[in-house]
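Below: one structure, written as structure tokens.
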Amino acid sequence: MKKILLLGGSYFQVPSVITAKKLGYYTITCDYLPDNPGHKYADEYHNVSTTDKEAVLRLAQELKVDGIVCYASDPAAPTAAYVAERMGFPTSPYKSVEILSNKDKFREFLTNNGFCVPKAKGYAYAEFDQLLQEVEMFRFPVMVKPVDSSGSKGVKKVDLIDELKQAVDEAVVYSRCKRFIVEEYVEKYGYQIAGDGFSVKGELRFRCFANEHFDASGINPYVPVGESWPYNKPQRIHQKLHNEIQRAISLLDMETQAYNFDARIDRDENVYLMEIGPRNGGNLIAQVTQYATGVNMVEYTIRAAMGEDCSDLHMVEPVGYWANYMIHSQTSGILHNIWMDEDFRENNVVEYQPFFRKGDRVEAFTGSNGTLGTLILRFSSESEMLEKMDHMEQWMRPIVEKE
């Protein structure tokens, strides 16, 4: 039986373990959190950090695995590419995955190759004084972000120069390399674009774009709370997005693998590629995409990592109206209940998975790690979908008592 090493075992990574087992592989998981639920599904678990490239390489060599997968994890994507490259497994180039996994390197790549990109520059934490000397080159407001975080942790919009220091201090808390990026804010036209895609030998064979939803009144309004399908712009916009993504992955010599997208368009329909994550999206994006299109991207991800043929993948447009939603609280405290409208539960909820029980202490939603539970939803029309996703507090909400 061939062995596959899966980096991480969080709730959102469980599908990769289950799928690998269904495909007949001996599954091995690793991370530094032994209580993560994914490890219970695996044949074997090792307490090794997924961001320690050399330690994961040693583990892969000792166990004589036949492939390695990073599923739904930004920090682990470079590790997977590094180990695969060193061991001769199928992979996109490590140097290209590094570019896609670091915001400052990605912005530099986009600028050098003529993409639409906001003015941006990365700095080490010790270079804050240099930022102050160069700050006049930016048009405010700006976004301050860790270059290598995930789940929108440490992201903040800054309107005034005096607010920069606090934003930078918060950003580097979530950066493993203690670097941050400052970039001009891009005013979006309509919804921000999310979704996943998959390339086969460098050709973007499949993509499924979604509307990204945020809680504008939230403690961190830049953390996505859900996505809805299909993306509600004309097909010419879908194709323009597709073409820009294809140009990027061609320039980077990407091979056969999954991607997670974040993009914006402006009023002139210019495409701004905010992120091309070299891995499947979290937040159950692959699962909702399968409901909408029938395409199982988790399976293709496993097959690609193990060197199986993925040439049968082709474009399928979504059918119906679907969404995911991350249940969250704006305050920390004790969870009393998760209220849900009965008609909403009966007519819209396809899957519901709470992560906490009554009486548990929960944290305010400052990043995706504050998710209290997940929903997969379906709707009868686009208008119903967007109305409910943008006003979800009318249909379900957690009841949290402040301590």
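Computed from the coordinates by the stated procedures, all read-outs in this text should not be read as laboratory data. Computed from a predicted model, the values in this text were never measured in an experiment. All Cβ positions, even for glycine, are placed from backbone atoms using ideal geometry, and neighbour counts span all protein chains on display.
Some notes on this structure:
- Cβ crowding within 10 Å averaged over residues, with 130-137, 47-54 ranked highest first: 47-54, 130-137
- Comparing Gly307, Gly67, Gly114 in a Gaussian network model of the chain, where Cα atoms under 10 Å apart are tied by springs, the biggest mean-square fluctuation is seen for Gly114.
- In Hz, Karplus ³J(HN,Hα) per residue of segment 54-70 (6.51, -1.76, 1.60; θ = phi - 60°; x = Gly, Pro): 5, 5, 5, 4, 4, 4, 4, 5, 5, 7, 6, 6, 9, x, 9, 10, 10
- Were the residues from Glu184 through Tyr32 laid out at 0.36 nm apart, the gain over their Cα-Cα distance would be 51.2 nm.
- Computed [θ] at 222 nm, deg cm²/dmol, the chain (DSSP H ≥ 4; -39,500 (n - 2.57); rounded to nearest 500): -8500 deg cm²/dmol
- Estimated vicinal HN-Hα couplings, Hz - segment 90-107 in sequence order (Karplus 6.51, -1.76, 1.60; Gly, Pro = x): x, 6, 6, x, 4, 5, 6, 5, 4, 4, 5, 8, 10, 4, 5, 5, 5, 4
- Each Lys and Arg adds +1 at its Cβ and each Asp and Glu adds -1 at its Cβ; summed about the Cα centre, segment 322-381 shows a dipole of about 200 debye.
- Relative contact order computed over segment 119-184 (Cα-Cα under 8 Å; 6+ residues apart), in percent: 46
- Separation of alpha-carbon centers, segment 223-285 and segment 1-80, rounded to whole Å: 26
- Paramagnetic label zone (point 7 Å from Cα along Cα-to-C-beta, Leu23; backbone N under 20 Å) in segment 247-262: 254-261
- Diffusion coefficient, µm² s⁻¹, Stokes-Einstein with Kirkwood Rh over alpha-carbon pairs of the chain at 10 °C and 1.306 mPa s: 73
- Comparing Asn220, Leu131, Cys177 along the charge dipole axis of segment 80-235, the residue lying farthest to the positive side is Cys177, per the Cβ-charge model.
- Label point of Val173 set 7 angstrom out along Cα-Cβ; within segment 212-233, amide nitrogens under 16 Å from it belong to 219-223.
- Summarising the amide proton neighbourhood of Lys2: residues at separation of 5 or more, or on other chains, whose placed amide H is nearer than 5 Å comprise Tyr26.
- Which of Asn36, Gln61, Phe365, positive extreme of dipole for the chain (C-beta unit charges): Gln61
- Projecting the Cα positions of Cys310, Ala263, Met297 onto the charge dipole of the chain (unit charges on Cβ atoms of Lys, Arg, Asp and Glu, taken about the Cα centre) puts Cys310 furthest along the positive direction.
- GNM result for the chain, Cα springs below 10 Å: residue of Ser332, Ser152, Ser101 fluctuating most strongly: Ser332
- Ordering 83-91, 376-384 by mean Cβ neighbour count within 10 Å, with the highest value first, yields 83-91, 376-384.
- Segment 192-401 - convex hull of alpha carbons, volume per residue in Å³: 124
- Antiparallel DSSP beta bridges within the chain, percent to nearest 5: 80
- Built amide H within the under 5 Å cut-off of Gln192, gap 5+: Glu212
- Of Arg247, Arg139, the sequence from fewest to most neighbouring Cβ atoms within 10 angstrom is Arg139, Arg247.
- Straight-line reach from Lys64: taking Cα to Cα under 23 Å and skipping same-chain neighbours fewer than 8 places apart, the lysines in range are Lys2, Lys3, Lys21, Lys22, Lys40, Lys53.
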